[in-house]
Amino acid sequence: MTDAAKERQKGTGLGYEAWLRFRRNRLAMAGLVMALSVILAAIFAPSLAPYDPFKQLIWTEGRAVRLAAPSAEHLMGTDLYGRDILSRVLYGARISLQIGIFATLVSIVVGVPLGALAGYRGGFTDDIISWIINVIFAFPFFLFVLAVVAVFQNPSMIVIYVAIGLVNWVSIARVVRAQFIALREREFVEAARALGLPTWRIIFVHILPNALAPVIVQATLGMGSIIMIEAGLAFLGFGAQPPTPSWGLMISEGQKYLGLGKWWWAIFPGMAITYTVLAFNFLGDGLRDALDVRLKR
Amino acid sequence: MIEAGSRYLTVRGLKKYFPLRRGVFRRASGQIKAVDDVSFFINERETLGLVGESGCGKSTTGRTLLHLLEPTEGEVHFDGCDVGRILKEDPKELRRQMQIIFQDPYGSLNPRMTVFNIVGEAVGYHGLVASSALDDYVCDMLARCGLRPEHRFRYPHEFSGGQRQRIGIARALALKPRFVVCDEPVSALDVSIQSQVLNLLKDLQEEMKLTYLFISHDLSVVRHISDRIAVMYLGRLVELAAKADFFSNPLHPYTQALLSAIPLPDPRRKGKRILLEGDVPSPINPPPGCPFHTRCPKATERCRVDVPPLVDVGGDHFVACFLD
């Protein structure tokens, strides 16, 4: 048998078809490339960064490197302490992605089981969980996180992940719940019950895999908003603390100098945030279109 | 009328009412009487065809019979066992023995599972064969259902409607059931494919000694496969008889009207068409008395008041009508 025939025999999964649809979508591919570039920047920051992001060059090179404008030497200029902004922006990707990934994991760990429970069980269980979801939705997202973080004197990164995750889970839970409500009525779920399969197996093997596509989309779109939240927290001084190279913190420190013509300290991290958030939004939208199995059964 | 447990499968007084929730507070403001006091029996290795127009409660009867929907009232006895009680105590074995084949070949297969897993999952769970023999077992089952075993690692979306229906049949029959509810298994298929699938079901019934409840709205399909035929109208059985008797001597006015609607293949013979007027009443507010009296050409005063019981008029021919 030829390899091609073997390939046919094995069959093509829905994942492969989704990838074909994704690949045709230019904006989605742009989002993927942009997101990958941020991820690569985060991983290889130590080799990519021309300088140590923490090193205050004014002590070795003098006042010339204090708030130096972008040049061949320092592509994005330097800040008040003579730190290389390009290096700090590259290291900043680590902070943003770390927050984005861990807060999303917290959201998924909390949101998927609660959403699944509400959607599958319905009735009173659903009423209670939906009520909690609606209350959290009604609360200003940012203020809630701010309040949680403010309780701690010296917030560690873990506090920030958990605080963001504890608010962000509601958007995940809501899509999971909607999926479970729709899927539990489907005939293949009824067939699984008729086959005598136990409830846990119906939930995890039959329903959950079919409910994951919107979770992936929601989680990806959520990455963008989490990164914004983190930047906002850092800007207000409740997030990452100096001298961490966090984008929000850099804007916060640099904004005072915007009016003095020293725009590069705040603008470059701002562009990094915009780039990253856009990347995840494009990626999320592309995934939504590509993974929508309802378009084709 | 029919004694519980006296036959291979007995359904007695089966009711399924769905609460109707309206308004902001979703308070129950009424009931949909989808299945209302249905009783019948099926003998071993025979096929009972259940016909009726859409929305008359055929599918709900099939699902409630299997306790996939909790019955509001009534009992189902299968081979001497009370199905409802056993499903509460030890559902596993009974589920294996009573299976269902669905109407929609698109919605009834999990799109994220390969055919092998769809057919083999429950076989493994019920421990019907050793895990080393599972692959051979699934291949054999697929072959018996007219599918190519080498396609077993494909996904449902790679198959046609008829092939998917065969996968659904293989899934149900892989558990070696004794009783199968066939819920309109061919009505979503092309006419050319329908007969293939019907013949497959017939052959497998012979081979595996199966008993079928065959639900359909298509009289010619039911005629092809059934030994006995039951007619349902607005949640109730109106007539039940052996096939020959049913077609030669229909007693209920509704059955007579249904049969008169079958086109005759001979253009010179003109059948006398009984035209029914009006629409099926809503199952939310079913008419009092006989459910059919609003459209029945022969309805009398009594039909508007009393519900006619399903009685045996001789030779296991049951009819629910006051007329003789």
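The values are calculated or read from the model by the stated rules, or taken from the named source; none is laboratory data. Everything numeric in this text was worked out from a predicted model, so none of it was measured. Quick reminder, even Gly has a Cβ in these numbers, built from the backbone with ideal geometry, and neighbours come from all protein chains shown. SASA here: full protein model, heavy atoms, side chains in, ligands and nucleic acids out. Shrake-Rupley method; radii C 1.70, N 1.55, O 1.52, S 1.80 Å.
Check the range B:204-224 and report whether any residue there is touching a His at 6+ places or on another chain (Cβ under 8 Å), under 24 Å from B:Leu14 (Cα atoms) and open to solvent by less than 50 Å² (accessible area, probe 1.4 Å). No; the residues of the range B:204-224 include none that is touching a His at 6+ places or on another chain (Cβ under 8 Å), under 24 Å from B:Leu14 (Cα atoms) and open to solvent by less than 50 Å² (accessible area, probe 1.4 Å).
May I ask you to verify whether B:Thr60 is surrounded by 18 or more Cβ atoms within 10 Å (Cβ to Cβ) and not charged (D, E, K, R)? Yes: the conditions hold for B:Thr60. Entry remark, the range A:77-105: residues being under 14 Å from the mean Cα position of the chain (by Cα) and either crowded, with 23+ Cβ neighbours inside 10 Å or more than 30 Å from A:Asn168 (Cα to Cα) (or both) number 7 in total.
Flag: B:Pro297 matches the condition of being touching a Leu at 6+ places or on another chain (Cβ under 9 Å), in a loop (DSSP other than H, G, I, E, B), surrounded by fewer than 12 Cβ atoms within 10 Å (Cβ to Cβ) and not basic (Lys, Arg). Taking the range A:214-253 as the range and being open to solvent by 20 Å² or more (accessible area, probe 1.4 Å), over 11 Å from the mean Cα position of the chain (by Cα) and not small (Gly, Ala, Ser) as the test, the residues that pass are A:Pro214, A:Phe235, A:Leu236, A:Phe238, A:Gln241, A:Pro242, A:Pro243, A:Thr244, A:Ile251, A:Glu253. On the stretch given as the range B:80-113, residues that are assigned to a helix (DSSP H, G or I), modelled with pLDDT under 90 and facing chain A (nearest Cβ under 7 Å) total 2. There is at least one residue in the range A:116-137 that is more than 14 Å from chain B (Cβ to nearest Cβ), of a type outside the set (A, V, I, L, M), surrounded by 15 or more Cβ atoms within 10 Å (Cβ to Cβ) and touching a residue at least 40 places away in the same chain (Cβ under 8 Å). The single condition from (1) without any contact (Cβ under 8 Å) to a residue 60 or more places away in the chain; (2) over 15 Å from the mean Cα position of the chain (by Cα); (3) away from chain A (no Cβ under 14 Å) that B:Ala28 fails is (3).
The numbered conditions (1) within 21 Å of B:Asn117 (Cβ to Cβ); (2) touching a residue at least 24 places away in the same chain (Cβ under 8 Å) are all true for A:Glu230 except (1). Listed conditions (1) in contact (Cβ under 8 Å) with a residue 24 or more places away in the chain; (2) open to solvent by 20 Å² or more (accessible area, probe 1.4 Å) are all met by A:Met271, apart from (1).
Considering (1) surrounded by 15 or more Cβ atoms within 10 Å (Cβ to Cβ); (2) within 24 Å of the chain's Cα centre (by Cα), the lone condition that A:Val109 does not fulfil carries the number (1). Any idea which residue in the range A:200-210 is surrounded by the most Cβ atoms within 10 Å (Cβ to Cβ), counting only those that are more than 8 Å from chain B (Cβ to nearest Cβ) and free of Cβ contacts under 8 Å to residues at least 60 places away in the same chain? Ranking the qualifying residues of the range A:200-210, first place goes to A:Ile202.
This table checks each residue for (1) over 17 Å from A:Met223 (Cα atoms); (2) assigned to a helix (DSSP H, G or I); (3) aliphatic (A, V, I, L, M).
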residue	(1), (2), (3)
A:Ala116	yes, yes, yes
A:Tyr120	yes, yes, no
A:Ala150	yes, yes, yes
A:Tyr161	no, yes, no
A:Ile164	no, yes, yes
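Of all the listed residues (A:Arg193, A:Arg174), the sole one being more than 13 Å from every other protein chain (Cβ to nearest Cβ) and either open to solvent by 10 Å² or more (accessible area, probe 1.4 Å) or of a type in the set (Ser, Thr, Tyr) (or both) is A:Arg174.
The numbered conditions (1) assigned to a helix (DSSP H, G or I); (2) hydrophobic (A, V, I, L, M, F, W, C); (3) within 23 Å of A:Gly119 (Cβ to Cβ) are all true for A:Met228 except (3).
Based on this model, can you work out whether B:Gly127 counts as within 14 Å of chain A (Cβ to nearest Cβ) and part of a loop (DSSP other than H, G, I, E, B)? Yes. Scanning the range B:58-69 for residues that are within 14 Å of chain A (Cβ to nearest Cβ) and touching a residue at least 40 places away in the same chain (Cβ under 8 Å) returns B:Ser59, B:Thr60, B:Gly62, B:Arg63, B:Thr64, B:Leu65, B:Leu66, B:Leu69. The set of residues in the range B:142-157 being crowded, with 17+ Cβ neighbours inside 10 Å and within 14 Å of chain A (Cβ to nearest Cβ) consists of B:Leu142, B:Leu147, B:His151, B:Arg152, B:Arg154, B:Tyr155, B:Pro156, B:His157.
Restricted to the range B:150-260, the set of helices (runs of 4 or more DSSP H) holding at least 1 residues that are within 17 Å of B:Ser54 (Cα to Cα) comprises B:219-225, B:253-260.
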